[in-house]
Amino acid sequence: MKILIPLDGSKIGEAALPYVEELVSKLSPRVKVEVTLLQVVSLLTHYVVAGEAVAPITYTEKEMEQIQQEARDYLNTVGEGIRKKVSVKIRVGIGNAAEEIIKAADEINVDLIAMSTHGRHGISRWAFGSVTDKVLRGGHKPVLLVRVPKEAAQT
């Protein structure tokens, strides 16, 4: 069984991990499980503000390499706990988060995408969009959603 866990670097984003660990402990050793942790780098530019002027600046190749290395380091750290139980791979995507999650799920041919939802609604959901919603509607793989408790989402 192959499971993809998209992570955004936040504790809220990691909410699905304990559920996957529990699922894995119930399946192992009867079923070989492979978990892929994915982080998508979606900000390819940063902004420089000088007075009232704002200019978008594309990250240099060296800056992008550093960002990708930080993502790999984060994924390796997060994966330490589950790595004791199953095979863990890491993957860093670049671009639109939802599109990269769907693409990775198809390329790896996962059986399940496990992700948390930030629980945004109303104006904030409209303003930020919902990666989870886009993965649910645009993907072809089953999705396990973990809703983060309200008190955790507000911290």
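In table form, for the structure just shown:
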quantity	calculated
Most mobile listed residue (Tyr74, Tyr47, Tyr59) in the chain, GNM with C-alpha springs under 10 Å	Tyr47
Percentage relative contact order, region 2-153, counting C-alpha pairs under 8 Å, at least six apart	32 percent
Ellipsoid semi-axes in whole angstrom, largest first, where each is sqrt(5λ) of the Cα gyration tensor of the chain	29, 19, 15
Whether region 30-95 is rounded, prolate or oblate, judged on the alpha carbon gyration tensor where a/c under 1.5 counts as rounded	prolate
Cut-off 13 Å, label 7 Å out along Cα→Cβ of Asp111, residues of region 4-27 by amide N	4, 23-27
Under 29 Å from the Cα of Lys89 - lysines, other chains or at least 8 residues apart	Lys2, Lys11, Lys26, Lys32, Lys62, Lys103, Lys134, Lys141
Neighbour-count ranking [beta-carbon atoms within 10 angstrom, fewest first] of Glu61, Glu52, Glu107, Glu21	Glu52, Glu61, Glu107, Glu21
Extension gain (nm, one decimal) between Gln68 and Leu145, 0.36 nm per residue minus Cα-Cα	25.1 nm
Förster radius 25 Å - calculated FRET efficiency between Tyr19 and Ile94 (Cβ-Cβ, nearest 0.05)	0.35
Helix-only [θ]222 nm of the chain, DSSP H runs n ≥ 4, -39500 (n - 2.57) each, per residue, nearest 500	-12500 deg cm²/dmol
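No value in this document is a laboratory result; all are computed from the given coordinates. Keep in mind that what you see is a predicted model, and the values were worked out from it rather than measured. In this analysis, Cβ positions are derived from the backbone assuming ideal geometry, glycine residues included, and neighbour counts consider all displayed protein chains.
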